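Quick notes on the structure that follows.
Just so it is clear, none of the values below were taken in a lab; they were calculated from the coordinates. All values reported here derive from a predicted model rather than from experimental measurement. Counting neighbours? That spans all protein chains shown, and the Cβs are built from the backbone with ideal geometry, glycine included.
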There are 2 protein chains.
Amino acid sequence: MAAIRKVLPILDWLGAYKRADLRADASAGLTVAVMLVPQAMAYAMLAGLPPAIGLYASSLPLIAYALLGSSRHLAVGPVAMISLIVFSACSRVAEPGSAQYIATALLLAFLVGAMQLLAGILRLGSLVNFISGAVISGFTSAAAIVICLSQLKHLLGIKLTTTHSVFHLLLQAGRNLGQTHLASLTIGALTIGGLILFRKKFPHFPAAFIFVIAGTLIVYLLGPQRLGVQTVGEVPRGLPSFSVPKAGLDSIRHLFPAAMAIFLVGYVESISVARYVAAREKYKIDPNQELRGLGLANLAGAFFSGYPVTGGFSRTAVNYRAGARTALASIITAVVIIVTVLFLTPLFYYLPNAVLAAIIMVAVASLIDIKEAVHFFIVKKTDGWVLAITFASTLTLGIEQGILIGVASSLVVFIWHSSHPHTAELGYLEKDKVFRNVRRFPEVRTFPDVLILRADASLYFANAKFLEDRLRDAVAEKANLKWVIVDMSGVNDIDAVAVDTLEEIIKTYGEHGITFAFAAVKGPVRDVVARAGWEGKYGRHIGHASISEALREIGIWTENDVRGPEQQPGERPP
Amino acid sequence: MAAIRKVLPILDWLGAYKRADLRADASAGLTVAVMLVPQAMAYAMLAGLPPAIGLYASSLPLIAYALLGSSRHLAVGPVAMISLIVFSACSRVAEPGSAQYIATALLLAFLVGAMQLLAGILRLGSLVNFISGAVISGFTSAAAIVICLSQLKHLLGIKLTTTHSVFHLLLQAGRNLGQTHLASLTIGALTIGGLILFRKKFPHFPAAFIFVIAGTLIVYLLGPQRLGVQTVGEVPRGLPSFSVPKAGLDSIRHLFPAAMAIFLVGYVESISVARYVAAREKYKIDPNQELRGLGLANLAGAFFSGYPVTGGFSRTAVNYRAGARTALASIITAVVIIVTVLFLTPLFYYLPNAVLAAIIMVAVASLIDIKEAVHFFIVKKTDGWVLAITFASTLTLGIEQGILIGVASSLVVFIWHSSHPHTAELGYLEKDKVFRNVRRFPEVRTFPDVLILRADASLYFANAKFLEDRLRDAVAEKANLKWVIVDMSGVNDIDAVAVDTLEEIIKTYGEHGITFAFAAVKGPVRDVVARAGWEGKYGRHIGHASISEALREIGIWTENDVRGPEQQPGERPP
């Protein structure tokens, strides 16, 4: 039973469901639906898809997630970032608006869903940890800019050709600024202003819904022909139709990078907000269960005329604040959307595209985060650079490339750091009775024929040679050197290649009459060198408990000195 | 002047050159030449090139390296591993034996040389550190097997079609075993047996040369027609001709992975042996100068009918043992080879291919190293697996793919390890007066409302969440928890994302009445958290010198207890 509950978290809360829960869930579910209807249509437009597809993606996928997902508050559905990736990828394969374009979007949803489900079954949920916060921040800011620019054509009512270059887009917009359609711009600008005002004054109010109604009414009353603004037009009534995604090997190869990017971006956005709410409500998010839930949601979209979805930040927050208690709130949202597509779509006929564009722009503009970039640059410069690289490559090379280059560069930075570890020559600081870095504490006492070196890194193949170079330099500075004591307290792990390198070092220096001693070797490292037979080869000098013990053992410190160093446990030089 | 010497190391020794040096260098240079002549022809055959190309590659490139390289003993020239990569790459682009095949090899030499020279100018020499010893070992063993198998056709005197699959090659050889040419096999087998015998009895003797003469004489005396063995045939007399490599964009794209692999393999082999000799002779190898030297050597080959070369292991050892003192020995080797191609090539007409095949097989068979693989598996299992993956992919997917997959897998292993760091809950070990892992030392004293956690890793984006999970589990086990003391002595570095994650953790647990204290924070980490404003935010609890100080400050330990823990500086729990 526990095993079934783990696979179907819905059983966890369904058994203990109370009437009071239902009222809370219904209210929250309705609130989210009111917010979701305009967003779903707007994001579908952003993805280059008909508004109906956005609504379809807001129905069955929500129910699918509710069955498998481990979050009770996550509001799944179309989101801006993923819609942009869908547009970027599908418009390379098919013409936006064509039937083939929709088929491509369905195939993409299928790929994303299959990848997520598979990753969830293989328990690869912790992969998300490899996406650095700096990468997410840089990517999000750049994507937000790209999204805002992509909505210019609707806001200005001008024609812009599809392009993947931000600069080309700006150039085109600048050239065509003269053709700006004033009615569209006015409606759009008023919506933007209104939305910003509402957010400041009544942050919990689903303002977009109001502007959807107001915009539709204005166009309807003033006459669409006279105004000449582009509107949503006919949205087909009825349930989403079932179809099996058609997958050619060629289109799969073309869509694969985008599927990977949606997989990463969607999962990161979703699990971040799910964890945030779960921490507040004290329940646990299972990353692998999340992957399976999102996977099933995307597969539902793929087979029932949806497009890739994930757990959205803002709607989840609204759902939680509106009092949702269980995943039933999401199911209620889905039912409201289904009712909408069954009966209410004619109401959207006169809804101006400029209003939807304004909703998108206001939603994503708040994601541009300069403060975060400054923060990263201040705290750790390399993190700032990773953010900048991700930002720049997302803006110039494209959305999918941006996130992948960001992940790669953050890993390169980490590997580069780890291959150039910090080391310190230590001396004895009489005052504090500890050993400290001679560079930071020039007053320390050093010993003419002993070098005390602290390695501040786990040793592995890529930094073992660095240690060798560092040692050579340090040894070159000390004539008459007889002993090298290596403080291993910072060496958390070691690999076989580094063990071999250390053995070579010991042998080479041994031929010149210099002997090595190792102090404060940690358990995991001790296990490895034991398997390499160090005890037999080097005897007691590999396992000194401390630097002072090593100094005593090799006869540098006499009993008289020993009374000197007194240190509290856990104390360590900088 | 010092700057010029740094760029042209030849000036370093040329000024102080003595007559005694000349005798030593001449003797060593001649010894290497005697060894190089048959090897150069054999390796050219392995690369699918005419023997003359091997000799050309053994002339000017040696002089080019002598001008720029920082090693005085390195013997540059064709080597087995690189010849195999040349064959593997060029036979995909052109038919072995054709003029286009030779042009492709020249272009490959040009690409390798340009990459090395550029890397040397950009000071990327330390990149070699990213090739793990486990990768080199697995690759070398697999390449040695592939090389041995590729020589079967010469040894057995049978026809085998060019193939990149080891299994296909073995299958073909098995099917054609009936057509074995007995005279070729006899000559080859005798040479193999003789070379092995010589190596055991007289390891310093250039035995290959003897067998080249013996084999040639036997064929000449018994009559090539009667024996029917394949021989080297006509080797054109005269100097290598100058030509500019023809580079199409398409062929560059095809050759790029191979050029990358040769760059890596050649550089690793070369710098390993150069460092080995330099350590013994107490001079320093400059990795970037080495790259420039090898780069110029390969460019010389590209323009003067050579093919990719590098510093070879066995010939460098012979050069050093034969008494070489400066790079003049290599220049003398080159001069002897030039004299050979000018006047002596007709002597090789009757040299049987089976003898060359035998020389190659004996040379590379010793590179198959099972002991090393066992050693890696014993000392650190993951290193063993990296070796096995590299070995298997080199054998099955191809030579260039093998080394690249090996490098990638070793980095993945490192990243994976670092993202799942070791952590330990600590308790106070009365006996030794230190804090130790409660799992390894169940007798330690713990404190009911304090959790002491040691993180054994530098904290960065990929493992910060892991720490969070670990904390949650640890906290769940302790009711009434009030304090978490984190022992940071193993945290050598931290990035901005990990700082943010720690702040979130502190905040979340703070809301549940649990306070954090950090002990033994290292200098580099202290710098980062200082820039993040921790002192202002958390005050004194971020900078306790030791766990016991933290315990005292939060009032767990009284003055009475304090006398208890006495520890030598540098001492650290396992």
Over 21 Å between Cα atoms: which of A:Lys380/B:Lys465; B:Lys507/B:Lys537; B:Lys153/B:Lys371; A:Lys380/B:Lys537; A:Lys380/B:Lys522; A:Lys537/B:Lys522 fall into that group? B:Lys153/B:Lys371; A:Lys537/B:Lys522
Shortest first, in nm, what separates the label point of B:Glu535 from those of the same position in the other copies (7 Å along Cα→Cβ)? 4.6
Three-way shape label, the protein assembly as shown, alpha-carbon gyration tensor, a/c 1.5: oblate
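Per residue of A:492-505, what is the mean number of Cβ atoms on other protein chains within 10 angstrom of that residue's Cβ?
Numbers: counts 13, 9, 2, 13, 16, 13, 5, 6, 7, 1, 0, 0, 3, 0.
Averaged over the peptide's residues, the number is 6.
Highest mean first, what order results for A:537-547, A:109-119 on Cβ atoms within 10 Å? Provide the component values of the computation, followed by the final result.
Values: A:537-547: 18.5, A:109-119: 23.7.
In decreasing order of mean packing, A:537-547, A:109-119 become A:109-119, A:537-547.
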What average count of beta carbons from other chains do you get within 10 Å of the Cβ of residues in B:453-466? 5
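Give, rounded to the nearest 20 debye, the magnitude of the charge dipole that segment B:420-562 has about its Cα centre when Lys and Arg contribute +1 at Cβ and Asp and Glu contribute -1 at Cβ. Please list the in-between numbers first.
Details: 19 positive and 23 negative charges, 36 e Å.
Using only the charged Cβ atoms, the result is roughly 180 debye.
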Taking Cα atoms only, helix A:133-150 is inclined relative to the longest principal axis of chain A by an angle, in degrees rounded to 10, of 30 degrees
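So between B:Phe242 and B:Glu95, what do we pick up on full extension, going 0.36 nm a residue minus the alpha carbon distance? It would help to have the intermediate numbers written out before the result.
Working: separation 147, 0.36 × 147 = 52.92 nm, distance 2.24 nm.
Taking 0.36 nm per residue and subtracting the Cα distance, the gain is 50.7 nm.
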Please say if chain B is rounded, prolate or oblate, where rounded means a/c under 1.5 for a ≥ b ≥ c the square roots of the C-alpha gyration tensor eigenvalues, and otherwise the choice is prolate for a/b larger than b/c and oblate otherwise? prolate
Extending each Cα 7 Å along its Cβ direction at B:Lys433 and B:Thr515, get the distance between those two points in nm, one decimal. 2.8 nm
Where Lys and Arg each count +1 and Asp and Glu each count -1, what net charge lies around A:Lys159 among other residues with Cβ under 12 Å from its Cβ? +2
Loop-only GluC sites (Glu not before Pro) in segment B:428-523, please: DSSP not H, G, I, E or B, and at most 12 other Cβ atoms within 10 Å. B:Glu430, B:Glu443
Net charge of neighbours whose Cβ lies under 9 Å from the Cβ of B:Glu430, counting Lys and Arg as +1 and Asp and Glu as -1: +1
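Would you order B:Val355, B:Val444 from fewest to most other beta-carbon atoms within 10 Å of each residue's own beta-carbon?
Listing B:Val355, B:Val444 from fewest to most nearby Cβ atoms yields B:Val444, B:Val355.
Assuming R0 = 60 Å, can you tell me the calculated FRET efficiency for the pair A:Asp250 and B:Lys482, based on Cβ-Cβ distance, to the nearest 0.05?
Rounded to the nearest 0.05, the efficiency is 0.45.
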In segment B:246-331, trypsin sites (Lys or Arg not before Pro) in a DSSP loop with at most 13 other beta-carbon atoms within 10 Å: B:Lys246, B:Lys282, B:Lys284
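Can you give the net charge of the other residues whose Cβ lies under 15 Å from the Cβ of B:Ile378, counting K and R as +1 and D and E as -1? Please report the intermediate quantities before stating the final value.
Details: positive: A:Arg531, A:Lys537, B:Lys371, B:Lys380, B:Lys381; negative: A:Asp495, A:Asp500, A:Glu503, A:Asp527, A:Glu535, B:Asp369, B:Glu372, B:Asp383.
Value of the local net charge: -3.
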Defining the label point at 7 Å along Cα→Cβ, can you sort the distances from A:Glu430 to the same site in each other copy, shortest first, in nm? 3.8
per DSSP, antiparallel bridges as share of beta bridges in chain A, % nearest 5, sits at 50 percent
Within segment B:122-215, report the trypsin sites (Lys or Arg not before Pro) that DSSP leaves as loop and that have at most 14 other Cβ atoms within 10 Å. B:Arg123, B:Lys159
For peptide A:527-533, compute the average count of partner chain beta-carbon atoms within 10 Å of each residue's beta-carbon. 3
Where the label is 7 Å out from Cα toward Cβ, how close does A:Val374 come to the same position in every other copy, in nm, shortest first? 6.4
Value of relative contact order over chain B, rounded to a whole percent, pairs C-alpha under 8 Å and six or more apart: 22 percent
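Apply 1/(1 + (r/R0)^6) to the Cβ-Cβ distance of B:Val374 and B:Leu11, taking R0 = 41 Å, and write down the FRET efficiency to the nearest 0.05. The partial results should precede the final answer.
Details: r = 47 Å, r/R0 = 1.14.
Approximately 0.30, to the nearest 0.05.
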Could you please rank A:Leu239, A:Leu351, A:Leu429, placing first whichever residue has the fewest other Cβ atoms within 10 Å of its Cβ? A:Leu239, A:Leu429, A:Leu351
Just want to confirm a number: the relative contact order over segment B:371-452, from Cα pairs under 8 angstrom separated by 6+ residues, in percent. 17 percent
Just for segment A:405-544, what percent of DSSP beta bridges are antiparallel, to the closest 5? 45 percent
